[in-house]
Structures are given as structure tokens and as C-alpha cells.
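Here is the structure we will look at.
Here, each number is a calculation from the coordinates, and none is a lab measurement. Because the structure is predicted, anything quoted here is derived from the model rather than measured. We place every Cβ from the backbone using ideal geometry, glycine too, and count neighbours over all the protein chains shown.
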Amino acid sequence: MDESTAIAIANHALSLARDAGAQSAEASVSIAHRFNAEARAQVVAKLEGSTGKSLFLRVFRDGRKATLSTTDFTAGGLRDAVTRAVGHADLVAPDEYAGLPDEAATDGAGLRLADPALAQREGVAKVAEALELERLIRAADPRVTNSSGSHYHDAVGVTALANSTGFSAAYTWTRVGRSTGPVALDGEVKRIAHYGTAARYLSELEGLGTIATTAVRRAVDLFGARKPPTMRVPVIFERDVAASLLEDVFAAVSAANVAVGNSWLSGRVGERIGSELVTIVDDGRVPGGLGTSPFDGEGVPTRRTPVFERGMLRSFLYDTYYARKLGASSTGNSTGGGVGPSNFYLEPGSISLDDLIAATPQGVLVMDTIGFATEHATGTYSRGARGFFIENGELAYPIDEFTIAGQFTDMLAGVDAVAGDLRFEGPVVSPSFRIAEMTVSGN
Amino acid sequence: MIDEALMGRLVSRAMRYGGDFADVFCERRRTLSYRLQDGRIHDASYAVTLGVGIRVVVGESAGYACSDDLSPAALLDAADAASLIARTAPDGGERSIELSLEHSPAFYDCDRSDTIDAARYVAMLEAADTAARRYDPRIVAVNAHVSDELQEVWIATSEGRLVADCRPLITFGVQAVASEKNERGSGYVGDGGRTSIEFFARETPAALGAEAARIATVNVSAVPAPAGEMEMIVGAGGGGVLLHEAVGHGLESDFNRRGTSLYSGRVGERVASDLVTIYDDGNLPEERGTLNVDDEGVAGQHKVLVEKGVLLGYMQDRLNARLMGVEPTGSGRRQSFRFVPQPRMCNTYMPAGESSVDEILASTQRGIYAKSFAGGQVEIAKGDFVFMVGEGYLIEKGKITTPVRNASIVGNGPEAMMKVVAVGNDARLARRHYTCGKGGQFVPVGVGMPTVKISSITVGGTQHG
């Protein structure tokens, strides 16, 4: 697996597209070796290891766009699929904004995308980590009686992009992660928690001990949880849940949603929406970040884009197509077929989560949510949740089977404290933060 | 796709260090889809999935490797990688496994000619767009998509079985957005199934577009949902998402064999009110979750999960069935050749009860009517679930009144099922557009239900008091 192989496949696909009648085209090839070990108790429950390839092709003819994704690399199969894909463009409406970016370029310096140590690692050492994580969660607390498994996974890959203007580039990347799912018995009730972490470098991954204790704490802390009363109170979102809330903010600033009116932020650039503490950035060049890359899905260099500055909405995030459609410039956020985050995060504050709780006379700490009910057009948020009721700055008792709901406009304006616990563990990340008031529905 | 002799050799090679069983899953799939936006065909996409997954099972352990390179050398490497799970045993070398092709019943027709009349699909999108915009002047945006998929699979097992299936799947969906003053509301409708384009002569794109527009106009005038505990009536058809989340996932055998589900070890016990019967069926003609054979080569089945409130059994894949000492139920499914099979639902539904819808409504003082759900999620250890209501109304003094927006419902599976106090006589399957996600794998499923009343549930709105 090397960069030149991936570039060669991309260039071959471009020539097939040209033969089939495409006037311009762009090919992206990903080749990755993925490894996954799952342990449960003392048993290696799953061992997966494979090298996979995929090609994603965009073709343009008279302003009509069609795409192909394929894992068929047989000579006849690839030619047939490319020819069909180009043919499918015939029924597409011409679109003046469709096409390749005006300029593609790459700059991978200093991005720390690949850990050379990962490719050298022996399978035995990886499997041993999953088994050790299983041992640690059981050793951490006697109430942990079972688990849904502990995982070690890694991937070493190459991503190449070439287009018909002559641009071609590639980069090598790595990713490694550990996760676990302890089950603790709370009387008759099973309490399961999931915790995991990921990084590009093995050395930057949270240690097995920290992962095990964090996961176990999330399971046993909720023992005896009860349904809270229905009320309006301050709500603190713990780091991982805070990140899922930021995913909804990303959806609202994605030009793909803005362009079709599916965003509560449409037409509001320049308006003050959040509190002073709301500074949200999309930065594709955070060294070692999981959302970091030298160029985006269509070869536009990545960059740092301030999205909210001290509550003021500064910019949406664009790929080339939606930038042209909305009269802006690409922010290097193309996924190849749409608009995606690079490293999208809320600027951290300086206090710890513990201090944030201590500074909250009464409220709710949300540790986990389920569901995905956000209406992006109206900015209405609602989730099932579990966590703690806070009284006098202390975690008074665990609560579950309740919902939290609010309007995003009010929620961002209500951010009144941000913790300093940000970690770049995924494309969308956040420190813990507090919202001054939300509706909690329980009894 | 690859010849029978090579498939036999791969199964044999995978078992070189022994194992309880091994299987080879070959897949060729093509999907053509078109998307409409702003009244125009926005793009066409074509996807081809071609590859082989090889698995070796030893006790509760599975080794898995897949390859998109179909050369014998690459496939033998994959078989070797999968066999590593059993590597503590001596290398027994390859032995000869003779495969014999079995024929399966057909619950859907499969046209292997691979000719798609794309112009007809495009016309369908345009018809839905026109109908949605004509429905009401408040409709400001319509997005529609259609996809036509054909998946061919071949599964060889170390017992010498060779099974093939060819699965069509058409998905047509329309989203309409209505706008009035500063409010917006959206509506989504989808349909299709393991069927042909002729299906849409009965369920016309224009009718589906108008229905999406109707829901959007209901939601644009909806008031914020109330917050707190109240009675709930779940609508027939799409309400079946409730069964899928509140009960179905908890009855998948991996969680139960491992003892991580709240339903573990509870076969024969009461888990719901005696009005509740739940089936999971892989044999319903043309439904999204229907399978002639599952992804492990086991025939799809009709399974009684819960009968009159009593838990009768789980949905089993081969690995977990073997460990639990029961037969697999045709529930082994995977997203593609890159994934290990998991026990999954097919089409999950509740048969009709005896109450009339009028009686159910009349008995409800203050509550919420969830006509359809936009989605849901469950946590299987404790059984807590959440649902998002797609179209919902307040019920006041026995009457359906004001539409409400963005209601979430939270509860606990068995608790909610114990509170089922009425089951309607209007059972039906939902429109076919549901997809289920589990452990990062997405598969098409079906759901269905009669109108059902639950005596108390927590509604998570923003209107307190």
C-alpha cells in the first residue's frame, strides 16, 4: 500500500471517465488496512484484519454531475461502472455551479497525520490491549459483572485525489482507538456505559487505566438513578455529550443545509447569536487532529475558519458547489459529495468540570443522551438523557429516563460557562459547558 | 462471481486450524440513485460493491477478513487471516469440501437483467415535486430521492452448503418543507421495498409527494410539545418503530447470549401486558426486511417473539444460536461483505387486537397521539428508549386536537409494554422506508402495528406545565 499506487488508480479512473465522455472529472482513492480486536472476559471474541480499497469518482458533462463509488477494480468491471456513471449524468439538470474547484493544492507540512509506529505493531500486542482493558474494568469495581466487549482498533491508510486539471496528491494517515463497554449490576437493573478514545498517534491515546475507570464510573455512578421532576434549570453538558450538541451546530452552519433553507441560521451571518463564550472554529490543520488533512474531498487546501466569534456568527462552511451557489468561497470543507467538518470545536475555557459543577447551585449534569431529534430548519433540540441532579454545587443523585429540550438560539445565547477539557478525539469535539436554562422533562 | 471450486477451497482453507464452522460470503451489489432538489434533478449516483468476506467461528470467537481483490491469491490470504482466530490448534491443511447448491423459496422477484429505466425514476421524482408544491402554497422546498438496488449474494459454509440470493430494493422518499411567518415545518414520506418500479403504479409518487406536503403543513402550524407524563396513543403502521426499539433490539441473541440485555434469561416470563404479541418475519412478500435466506445462508422465518405478553424466544444468528443450543432463525444479517454478521430484525410487527380506534380515543382524557415516528433509539441493558414523533397531536377529552412539533418520547421498554392498555383492530405494516443501525451496520427493515394505547409515558417538549 503506497501513495503512488492510489494515485495511479485515480488517474486510471480519470482516463476511463474521459473515454466515456466526461468533460471533467475527479477521482479519490482510499486504501486502508484495518485491524480490530474485541475481547470479552478472557476470550478474544473477534479478530478482524483486512485491506480494503474504494474509489469515488465525480464526473461532469455540460454542467451535469454524476458520481460513482465502487469496490470493483476488475478491468471490465471498472470500465463498465465508469461508463454507466457518465451515462447517468444525461438525466441530470445542468447546473451552472457544478464543477471542479478553481484551484486545488496540497500542503501537508506539520500536520502529523501518520504514526510510523502503528504500521510496525504486532497483532499480539494489540490483542493484549483489548484483553487488558477487559481485566481493568472488572478490577476497577466489583459491581462490574459483565461487558459488551473491549476493543482495540487501528487503521493505516492512504488517500489520493486526482482531477482532470492535472492535480494529483496523496497522503498517508493512521488512526488508533480503544473502547470498552462495562455492564454493572444495580440490583435487577443492568447499567451499561461506553467509553472510548481515538487519536492519530498511539502515544497520544488515553491510557488503558483512564479509559477503564472513566467507563466504569459512567456505569456505577448511575446506580439508583431516578426520574427527575419536570423543571427549568441550568444544564451542564459533559464533554462527549457537548460534542454531539456541536454536531447539530455544524449541521446548521453547513452551506448544504443553508442553501436549501434547512438551517435555523440561514441569513444570519453577522448577527450576535451566542453568548460571549461561544467561539466556534473549524480548523482542518490542527496537528494530529482526527479531522485534519492537507486538502479536502475535492483538493481544496484545508484552513482555519472562525464560525462564531464571541457569539457573533461569522461564516458558514462551504465546499466549492455551495460556495458558488451562495456567492462565497470554499472553506475547504468538501467531503467529496457534500459538506463536512474538519476539526469543528468550541474554544475551551479554563475551569475544570468539577469546578463548573461546584459553581452550579442547582441544575442537571448530562452525561449521556440518546436519540437524534434536532429539527435543523427551526433549531429545535430534544434528547433522552441521563446524568445527575446538582444541588448546592454537588452531584446530589443520579437521574435517568428524562428529556432535555430547547431552541438552539436560546441554548447558544445561554452558554454561561465553558470548561477547559477539550480533546481532539474526532472531527467534532467540545469541552464541557453549561447552558443557563433548559426544559428537563421527567415526572 | 467466483467459481464454486474456489469458494469450496476458501472454506476449507479457512478451517485449516479447525473451528466450529466457517463461511464465505460473496457479494455483488449495484445501486443507482437520483436526487431532486430545487425542482431539478440535482445528481445521479451509482455505487458498486464487490467483495468477499470470510469468517471462522470457534466457540464464542470469530475471525474475519474481507477482500475486494477477487484474485485467488488475495482470497486465500483473507482465508488465512480469518483462520488466525484458531491458530493455537495444529495446521490440518486444506481438506476437500464439496459444495452443493440449495434452492430457496422466493418472497420477492429478482430481475437480473440489470436494465434500469432511469427516465421513469426521474419522472417519479418530478411528479412528487409537482404534487407537493401544488398541495399548498406554503410549501417552499421539496427534496426527493429514489434508489434502485440489486444485491446478489452467494454463501458457502463448511458444512458444504452453497446458497444464493438476489435481492432487489427500491427506496423512494420525499421531504417537503412548509413555511409560514417565521415558522417552518417538514414532512417526510417514503415507500418501496423488495419490489419493482411497477409498485409505484399503486402507490403513486404524486400521492406520496402530497402526503409529505400534508405533514409539512400540519407541522408548520404545530405548537411546541408539552413536557411531562401523559397518556399516549401510537398510530397504526409507522408506530411499529416503538416495537422495534422498545422490544426488538433487546431480543437479539448476541445481547442475550452475553447477558447484557434486560431480556436475558427471561424466556417464558411476562415482559408485556397480555394484549401484546410481537412477531418478527423474514417472509412477508416484498417488505424491506424480507430475506429468502439471511447473510449466513439460513432461510428467513416467521418468529413469535412475544405472545400475549410472554417472551417466547430471541432472534438468532448462527454463532449465538450454537452457543445457546437452539436453531438459528434466519436473523444473521450484515451491511456488506466488509462486516461480520449480527443477529438483526427483519420485519417486526404486532397483530391486530380487539379495540376500535374510536374506543381507544374516547378513553383518553389528556395525552399525545403519535401518528408516526421520525426515528428512535434504545439502550439494551436497561431498556431505556427515546422516540422522535414525526407527526403528533394533542388528545383532549377523547378528541385529537392541536398538532405538536418536535415531541420526544422517553421510557423504558418493558415498563411501556406493561402499560399497553388497548390494542386496535386496525393492524397494518408501515410504508416501506425504515433502516436500522446497530454497531455501525445499517440494514433495511420493516415495521407494523395497530393503533395502541399506553397509559403513561414521558413526553419531552418545551412547554412546562
> Per-residue HN-Hα couplings for the range B:140-148, Karplus 6.51 cos²θ - 1.76 cosθ + 1.60 at θ = phi - 60°, whole Hz, x for Gly and Pro?
Replying inline: 10, 8, 9, 10, 9, 9, 9, 9, 10
> What range in chain B is the longest one free of GluC sites (Glu not before Pro) that are in a loop by DSSP and have at most 13 other Cβ atoms within 10 angstrom?
Replying inline: B:355-465
> For the residue pair B:GLU415 and B:SER221, what label-to-label distance in nm results when each label sits 7 Å from Cα along the Cα-to-beta-carbon direction?
Replying inline: 3.6
>> Report the gain in length on full extension from B:CYS110 to B:ARG202: 0.36 nm times residue separation, minus Cα-Cα distance, nm rounded to one decimal.
In response: 31.2 nm
>> Student exercise: in the range A:3-220, how many lysine pairs 8 or more apart or on different chains have Cα atoms under 25 Å apart?
In response: 4
> Who wins for biggest fluctuation among A:ALA130, A:ALA396, A:ALA93 in a Gaussian network model of chain A, springs between alpha carbons below 10 Å?
Replying inline: A:ALA93
> If you plug each phi of the range B:398-411 into the Karplus form 6.51 cos²θ - 1.76 cosθ + 1.60 with θ = phi - 60°, what whole-Hz ³J(HN,Hα) values come out, in order, with x for Gly and Pro?
Replying inline: x, 10, 6, 10, 6, x, 10, 10, 6, 7, 10, 10, 10, x
>> Using a 7 Å offset from Cα along Cα-Cβ at A:SER4, what residues in the range B:62-103 end up with backbone N under 13 Å from the label point?
In response: none
> Counting Lys and Arg as +1 and Asp and Glu as -1, each charge on the Cβ, what is the dipole of the range A:3-220 about the Cα centre in debye, to the nearest 20?
Replying inline: 680
> Which distance in nm do the two modelled labels at A:ALA139 and B:PHE442 give, with both placed 7 Å along the Cα-to-Cβ direction?
Replying inline: 4.1
> Listed here are the pairs A:LYS227/B:LYS181; B:LYS371/B:LYS438; A:LYS325/B:LYS438; B:LYS303/B:LYS382; B:LYS303/B:LYS397; which of them are more than 29 Å apart at the Cα?
Replying inline: A:LYS227/B:LYS181; A:LYS325/B:LYS438; B:LYS303/B:LYS397
> Within a Cβ distance under 12 Å of A:ARG138, other residues only, what is the Lys/Arg minus Asp/Glu net charge?
Replying inline: 0
> Viscosity 0.890 mPa s, temperature 25 °C: Stokes-Einstein D of the range A:225-443 from its Kirkwood Cα radius, in µm² per second?
Replying inline: 140
> Residue farthest toward the positive end of the dipole of the protein assembly as shown, with Cβ of Lys/Arg at +1 and Asp/Glu at -1: which of A:HIS153, B:LEU305, A:ALA417?
Replying inline: A:ALA417
>> I'd like the distance between the alpha-carbon centres of the range B:249-308 and the range A:272-347, rounded to an integer number of Å.
In response: 44
> Over chain B, what is the mean sequence separation of C-alpha contacts under 8 Å (at least six apart), divided by residue count, expressed as relative contact order in percent?
Replying inline: 17
> Out of residues 5 or more away from A:ARG175 or on other chains, whose amide H comes under 5 Å of its own, with H placed 1.01 Å from N in the peptide plane?
Replying inline: A:ALA155
>> Can you compute 3J(HN,Hα) from phi for each residue in the range B:95-104, using the Karplus curve 6.51 cos²θ - 1.76 cosθ + 1.60 with θ = phi - 60°, rounded to whole Hz and x for Gly and Pro?
In response: 10, 7, 10, 8, 9, 10, 6, 9, 9, 10
>> Between B:ARG270 and A:ALA125, what is the label-point separation in nm under the 7 Å Cα-to-beta-carbon projection?
In response: 5.8
> Say R0 is 45 Å: what FRET efficiency, to the nearest 0.05, do B:ALA362 and A:ARG217 get from their beta-carbon distance?
Replying inline: 0.35
> Assuming R0 = 30 Å, what is the FRET efficiency of A:SER244 and B:ASN182, from their Cβ-Cβ distance, to the nearest 0.05?
Replying inline: 0.65
>> Could you give the length gained by full extension between A:ARG232 and A:SER15, i.e. 0.36 nm per residue of separation minus their alpha carbon distance, to one decimal place?
In response: 72.0 nm
> Which length gain, in nm to one decimal place, applies between A:ALA155 and A:SER352 when the Cα-Cα distance is subtracted from 0.36 nm times their residue separation?
Replying inline: 67.6 nm
>> Tell me the mean residue ellipticity at 222 nm calculated for chain B from its helices only (DSSP H runs of n ≥ 4, each -39500 (n - 2.57), averaged over every residue, nearest 500).
In response: -5500 deg cm²/dmol
>> To make sure I understand the rule: partners must be aspartates and glutamates, Cα under 14 Å from the Cα of B:LYS419, and not fewer than 8 residues away in the same chain. Which ones qualify?
In response: B:GLU229, B:GLU231, B:ASP274
> Can you give the helix-only mean residue ellipticity at 222 nm for chain A, where every DSSP H stretch with n ≥ 4 adds -39500 (n - 2.57) and the sum goes over all residues, rounded to the nearest 500 deg cm²/dmol?
Replying inline: -7000 deg cm²/dmol
